[in-house]
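First comes the structure, then the notes that go with it.
The values are calculated or read from the model by the stated rules, or taken from the named source; none is laboratory data. If you're wondering where the values come from, they're calculated on a predicted model, not measured in any experiment. Glycine gets a Cβ as well: all are built from the backbone with ideal geometry, and neighbour counts include every protein chain shown.
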Ligand SMILES: NC(=O)C1=CN([C@@H]2O[C@H](COP(=O)(O)OP(=O)(O)OC[C@H]3O[C@@H](n4cnc5c(N)ncnc54)[C@H](O)[C@@H]3O)[C@@H](O)[C@H]2O)C=CC1
Ligand SMILES: C[N+](C)(C)CC(=O)CC(=O)[O-]
């Protein structure tokens, strides 16, 4: 581990209390995840109905989390909703910020969290794409600020992409990566900033093509979704696009695949420039999704998705409590 130039919390395995700032889709998902892993959580969100929504989200996630296996002592009662940001982060060893994706707001909020959190707490942002270098500009202690980019819902999708900014202390990045692993996440630690990190760069390429096809009337939302769920998506749950394509080369593997299909890289399969997200495209996407939902409510789709992810995790042997507070306590490591 790199020698820290800033105070750090206790070893990641000893962390017991985290704060979540912003409690919408992702912040609420983080709250559910940390509670299920046996942490006590303090949350803060300025919306007047935030507590009610947060508790509803946690309650809706709890059956899935129970199926996955709760850590010993895990309870929704270990959630405290604070009335101020300062109160929420006051005793935190780790803070996960999940406020709206607006650069100015993140800059200001991260500076406030930094001013209020204990000197040794590490602070992560859930941002989907801003580099931490652009967000840490106002914080007095930028060394402890980093990105911990989750996937929706954070209580089921294992991946977190961890990356610091130019002023982040490398030891804080290493500490956070170990902390997320101890909290049961699957971590990719990046050693340099990249807009969109790794997974969102890939997702965005696919997403742009999807929007182009809907915009041009070339495919429906239903076609696009089926093309993934009935096709490549089935493979991607357990084998990434590179290895999957290596198998497209038969016994010749990736080498043959590139020799065979490499020239088609030059053919105009992708458009890459984003289409204008005008109101016609917006309507086409929204109506297409309504049609594809076929009467299912968002809550029903969330339950369906959660069950689907659990089934995939189970089928691919990735359902384990390793890394949870309980697992560590059982093994005597805590
Ligand atoms: N929705 C998604 O699929 C994913 C989102 N993210 C990132 O997570 C972050 C949050 O996004 P969502 O949860 O989707 O948004 P959301 O709109 O569901 O939730 C944002 C929450 O932040 C609260 N908020 C507003 N102003 C605030 C402030 N000044 N301080 C603290 N909280 C404030 C809102 O009341 C709301 O509850 C964003 O940075 C986003 O890029 C990351 C991965 C996936
Ligand atoms: C839509 N999104 C860009 C906010 C999605 C993510 O950042 C990750 C995810 O959950 O796919």
Open item on the list: Checking the structure you have, find out if any residue of the range 24-41 is within 16 Å of ligand 1 (Cβ to nearest atom), under 18 Å from the mean Cα position of the chain (by Cα) and in a loop (DSSP other than H, G, I, E, B).
Closed with: yes
Task: Which numbered condition residue 193 fails, given (1) farther than 30 Å from residue 38 by Cα; (2) crowded, with 17+ Cβ neighbours inside 10 Å; (3) more than 14 Å from ligand 2 (Cβ to nearest atom); (4) without any contact (Cβ under 8 Å) to a residue 24 or more places away in the chain - done: (4)
Task: Breaking point among (1) in contact (Cβ under 8 Å) with a residue 24 or more places away in the chain; (2) buried (at least 16 other Cβ atoms within 10 Å of the Cβ); (3) not in a loop (DSSP other than H, G, I, E, B), for residue 210 - done: (1)
TODO: Can you tell me which residue within the range 93-129, out of those that are without any contact (Cβ under 8 Å) to a residue 40 or more places away in the chain and closer than 15 Å to residue 162 by Cβ, is farthest from ligand 2 (Cβ to nearest atom)?
DONE: 123
Task: Subset of the range 140-190 that is touching a residue at least 40 places away in the same chain (Cβ under 8 Å) and part of a strand (DSSP E or B) - its residue that is surrounded by the fewest Cβ atoms within 10 Å (Cβ to Cβ) - done: 159
TODO: With respect to residue 278, determine if the residue is within 23 Å of residue 203 (Cβ to Cβ) and modelled with pLDDT of 80 or more.
DONE: yes
Open item on the list: Of the conditions (1) over 16 Å from the mean Cα position of the chain (by Cα); (2) under 19 Å from residue 95 (Cβ atoms); (3) in a helix (DSSP H, G or I), residue 59 satisfies every one except a single condition; which number is it?
Closed with: (2)
